[in-house]
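**Q** Dumping the structure here so I can ask a few things about it.
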Amino acid sequence: MNGTLKIVGSHDHGDGKPEIIKNIYNAECVQDGECFTLSYLEDAGPAHPDDPAKDASDSSGKHNVIKHTLLIGPGKVEMTQEGQVSSTLSFGPGKVWDTDYTTPYGLFKMTAITRHLLIEISPKKISAHLQYELQMDGSKVSDSKVRISFVFD
């Protein structure tokens, strides 16, 4: 099943100027029981010069494509990205999730602490509202709010 995925987020890094993110993607949805997997690709711009997947002889302006997967089910949301930057974040009521954040510059330890999670599923739409704290190597980097909305075609 295909549809439109909207992701709106606010990431407060403590500087008084929250970073606002608004993105719309064409996405695919696969249902497995009560869980829905949403998949989409993001063009993240030119490939990093140190990216091992980039062919050094390629001068065509190759772009870094990131594959995103969102798993939404009863009481849980899992976000995975694979590409030049790779990570998995898992959210659930009261859940603390430790994971690795892999970048061309090295590996970082990341922790997501779920503050609030609301999931709504109907025949026309899947939505999730998240509030969480993000830490990198043990230091708080943001308080985040994200709304995910998938509308079936």
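The values are calculated or read from the model by the stated rules, or taken from the named source; none is laboratory data. Keep in mind that what you see is a predicted model, and the values were worked out from it rather than measured. For neighbour counting, all protein chains shown are included, and Cβ atoms are generated from backbone atoms with ideal geometry for every residue, glycine included. In case anyone asks, the SASA skips ligands and DNA or RNA and just uses the protein heavy atoms, side chains included. Shrake-Rupley method; radii C 1.70, N 1.55, O 1.52, S 1.80 Å.
**Q** Can you confirm whether region 91-105 contains a residue that is at pLDDT 95 or above, closer than 26 Å to residue 6 by Cβ, open to solvent by less than 20 Å² (accessible area, probe 1.4 Å) and in a strand (DSSP E or B)?
**A** Checked against the condition, which is being at pLDDT 95 or above, closer than 26 Å to residue 6 by Cβ, open to solvent by less than 20 Å² (accessible area, probe 1.4 Å) and in a strand (DSSP E or B), region 91-105 yields at least one hit.
**Q** Now a separate question. Being crowded, with 18+ Cβ neighbours inside 10 Å and free of Cβ contacts under 8 Å to residues at least 24 places away in the same chain is the filter here; which residues of region 71-80 pass it?
**A** 79
**Q** Which one of the conditions (1) surrounded by fewer than 16 Cβ atoms within 10 Å (Cβ to Cβ); (2) modelled with pLDDT of 95 or more; (3) within 20 Å of residue 133 (Cα to Cα) does residue 9 fail to meet, given that it meets all the rest?
**A** Failed condition: (1).
**Q** Somewhere in region 124-139, is a residue aromatic (Phe, Trp, Tyr) and either modelled with pLDDT of 95 or more or crowded, with 17+ Cβ neighbours inside 10 Å (or both)?
**A** yes
**Q** Pick from region 30-68 the residues that are of a type in the set (Gly, Ala, Ser) and open to solvent by less than 80 Å² (accessible area, probe 1.4 Å): which of them is modelled with the lowest pLDDT?
**A** 53
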